[in-house]
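The values are calculated or read from the model by the stated rules, or taken from the named source; none is laboratory data. Predicted model only: the values in this text are computed from it and were never measured. Here Cβ is always computed from backbone atoms with ideal geometry, including for glycine, and neighbour counts include all displayed protein chains. For accessibility, only protein heavy atoms count, side chains too; no ligands or nucleic acids. Shrake-Rupley method; radii C 1.70, N 1.55, O 1.52, S 1.80 Å.
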Amino acid sequence: MAETTEEVAPTEEARPALDPETAARRAAALAYVRKFGDPVLKSRALPVERFDDALREEIGRMAAIMRDGLGIGLAATQLGVMHRVLVYRLGEDAPLAPLVNPQVEWAGGEEEILEEGCLSLPGVHVDVERPIHVRVRAQDEHGDEISIEASGLEARVIQHEIDHLDGVLILDRTTREQRKLAMRALREAAEAARAA
Ligand code: NI
């Protein structure tokens, strides 16, 4: 998933000070999300060929975990499912967008650097440079072809999630220095969790 700059870096994270019920629901959802170190996060997902009820159920499950996890994007690989499927929703009132077999068909020359987070990398925020405008070709949950022109946060989230489908994490896209700091923070968090 993804969280971005302002409230969260545009990739997947949540606001502070959640009420206890929301926090518990979020923690339960995030328990399904694979974390850094899990080899599925470095693996390439396979194209979807069957557009059946099982696929639509999978998309529904992804949407529910993303919603409860307070994410704005989620890739199937983050749940250990090696399908080229992603979902995103940029706000509570925005429609859910499932993309199957998504591909960046065109990217504008203009790029920007923004801080991103990822539900698979708890507590990590790093700068990532990405094109501001992209055109993405995909299929919907019924197999119909769709084309999306996206800019800003929407473009960033889609690119972040497509990266997941290719086994690429924000750590692979940031500066060496930030990567080093993030790796150290992840290592310390893992050690603290073991000691607890
Ligand atoms: Ni992510």
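Annotations
- Candidates are the residues of the stretch 129-153 that are touching a Pro at 6+ places or on another chain (Cβ under 9 Å) and either open to solvent by less than 10 Å² (accessible area, probe 1.4 Å) or within 16 Å of the ligand (Cβ to nearest atom) (or both); the one that is nearest to Lys180 (Cα to Cα) is Leu153.
- So Arg15, is it at pLDDT 95 or above and not hydrophobic (A, V, I, L, M, F, W, C): no
- Looking at Leu99, Leu181, just one residue is open to solvent by less than 10 Å² (accessible area, probe 1.4 Å), away from the ligand (no atom under 14 Å from the Cβ) and not small (Gly, Ala, Ser), and that residue is Leu99.
- Test: residue in the stretch 169-178 that is within 13 Å of the ligand (Cβ to nearest atom) and either modelled with pLDDT under 95 or open to solvent by 50 Å² or more (accessible area, probe 1.4 Å) (or both): yes
- Every pair of residues 6+ apart whose Cβ atoms lie under 7 Å, when the first sits in the stretch 29-45 and is in contact (Cβ under 8 Å) with a residue 12 or more places away in the chain while the second is outside any loop (DSSP other than H, G, I, E, B) and among the polar types (S, T, N, Q): Val33/Gln78; Arg34/Gln78; Val40/Thr77; Leu41/Thr77; Ser43/Thr77; Ala45/Thr77
- Within the stretch 144-169, residues that are at negative phi and in contact (Cβ under 8 Å) with a residue 12 or more places away in the chain sit with their Cβ atoms under 8 Å from residues that are more than 12 Å from the ligand (Cβ to nearest atom) and of a type in the set (S, T, N, Q), at 6+ positions apart or across chains, in these pairs: Ile146/Gln139; Ile162/Gln103.
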